[in-house]
1. Specify the residue that is surrounded by the most Cβ atoms within 10 Å (Cβ to Cβ); the eligible residues are those in the stretch 132-159 that are assigned to a helix (DSSP H, G or I) and modelled with pLDDT of 90 or more.
2. Can you name the number of the only condition in (1) open to solvent by 20 Å² or more (accessible area, probe 1.4 Å); (2) modelled with pLDDT under 90; (3) out of contact with any helix residue (DSSP H, G or I) (no Cβ under 8 Å at 6 or more places or on another chain) that Glu181 fails?
3. Does the stretch 68-90 contain any residue that is part of a helix (DSSP H, G or I) and either surrounded by fewer than 14 Cβ atoms within 10 Å (Cβ to Cβ) or modelled with pLDDT of 95 or more (or both)?
4. Scan the stretch 111-131 for residues that are charged (D, E, K, R) and either closer than 17 Å to Trp307 by Cβ or loosely packed, with under 12 Cβ neighbours inside 10 Å (or both) and report the count.
5. Pick out the one residue from Lys332, Lys312 that is modelled with pLDDT of 90 or more, among the basic types (Lys, Arg), more than 28 Å from Met115 (Cβ to Cβ) and open to solvent by 10 Å² or more (accessible area, probe 1.4 Å).
6. Can you name the residue in the stretch 37-63 that is touching a Phe, Trp or Tyr at 6+ places or on another chain (Cβ under 8 Å) and in a loop (DSSP other than H, G, I, E, B) and, of all such residues, is surrounded by the most Cβ atoms within 10 Å (Cβ to Cβ)?
7. Looking at (1) open to solvent by less than 70 Å² (accessible area, probe 1.4 Å); (2) at pLDDT 90 or above, which is the only condition Ser174 fails?
8. Is it the case that the stretch 192-213 has a residue that's touching a residue at least 60 places away in the same chain (Cβ under 8 Å), open to solvent by 40 Å² or more (accessible area, probe 1.4 Å) and in a loop (DSSP other than H, G, I, E, B)?
Amino acid sequence: MAAALTREGGEDAFRRLFRFYRQRDASDLRGVVDFSAPGGQVFRSQLSVSSVSDQDAYRAGLKPVSQWKAYGLSGYPGFIFIPNPFLPGCQRHWVKQCLKLYPEKPNVCNLDLHMAPEKTTDLWGQSKEQLRRKGSSKWEPRSLLEKLRWVTLGYHYNWETKKYSANHHTPFPSDLAFLSEQVAAACGFRGFQAQAGILNYYHFDSSLGIHVDESELDHSRPLLSFSFGQSSIFLLGGLKREEAPTAMFMHSGDIMVMSGFSRLLYHAVPRVLPNPEGTALPSCLDQAPSSDLPVGSVIEHSSDEDWQVCAKYLQSSRINMTIRQVLAEGQKFPEESGTNGKGQAPSEDSYHEDSKAKRHKPNTVS
């Protein structure tokens, strides 16, 4: 199918496959790589087991690196796919952080572009009761959390200039920095510094447009991507949009690392799909973290009340965290004039699209 679409005229090959997976029903996904059943262009990838102690892995809510599986893709050097390496229950911490803590000020979200600051100071508090009571009707009004499309952390991405700047920065969450540093070290990138994060919030009618993540000043460090909740199709292409991409599934808990050659490739998310187990939530989200977390663990137990809200949200949603190192060691931002570095309305080049509201496309990057 990919070959047939590539031969067609008009649109570039990436756009044609994006539209193919965006429009097809869930039964026509034979060309999508499934890392739970590797084969074909998928091969086992080696990890740096000695770079992360079992204790540090546990503290981040991860299994020992020796127990992880990692895969690469032929034709994509520097790409690593790690199927769910999280300890049982520990994904819940990151979901709660993405819904309850990380959207709080001084972090920035898409709602800030359209609402007064006092209206976006407590999205969780304003939404939790509405989410808990929510039924299955599509006509019920959406809570503020359900209108959330992106949150930025650390160095805040400027959607208008497509740049980061020194004067628009807030402290990066220490728990997420620790998780990212362990995953990067396991993939051979010791000393990785988590300096910027973009969190994406998807629903079943959402997609992420075709783009390249090139705004970071240092491209020698990897891009880390964490996925939670419902599944999705991820497209990884080439250096040009004329190259047809490879489609792959991302499920809850899966991690992707893009480095080296793969760091600056075009990519997109055309579809969000129900998890393949056929249940409201993936089974990996069924249980809470262990009661005896190790000393110094960044994982916090969620109250039953908080998790009920998170679980309700995830029944029709997916959350993605992408973490980047913006500057190399000792590197500084170039002097800029005429800009305050604040996040502006996103452009049309890379977009987070809601099919029911195409006149307004709150954009983001993966």
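The values are calculated or read from the model by the stated rules, or taken from the named source; none is laboratory data. Predicted, not measured: the structure shown is a model, and the values here were computed from it. So basically every Cβ, Gly included, is an ideal-geometry build from the backbone, and we count neighbours across all protein chains shown. Note: accessible area is taken over every heavy atom of the protein model, side chains too, but ligands, DNA and RNA are not part of it. Shrake-Rupley method; radii C 1.70, N 1.55, O 1.52, S 1.80 Å.
1. The extreme case among them is Leu145.
2. For Glu181, the exception is condition (2).
3. Just the residues of the stretch 68-90 that are part of a helix (DSSP H, G or I), to begin with: none.
No - not one qualifying residue is present in the stretch 68-90.
4. Start the filter on the stretch 111-131 by keeping residues that are charged (D, E, K, R), which leaves 112, 118-119, 122, 128-129.
After this cut, where a residue has to be either closer than 17 Å to Trp307 by Cβ or loosely packed, with under 12 Cβ neighbours inside 10 Å (or both) as well, the list is 118, 128-129.
Final tally of qualifying residues: 3.
5. After applying the criteria, what remains is Lys332.
6. That would be Gly61.
7. (1)
8. Pass one, the stretch 192-213, residues touching a residue at least 60 places away in the same chain (Cβ under 8 Å): 192-211, 213.
With the extra rule that they be open to solvent by 40 Å² or more (accessible area, probe 1.4 Å), the set shrinks to 193, 204.
Checking which are in a loop (DSSP other than H, G, I, E, B) leaves us with 193, 204.
The answer is yes, given that some residue of the stretch 192-213 is touching a residue at least 60 places away in the same chain (Cβ under 8 Å), open to solvent by 40 Å² or more (accessible area, probe 1.4 Å) and in a loop (DSSP other than H, G, I, E, B).
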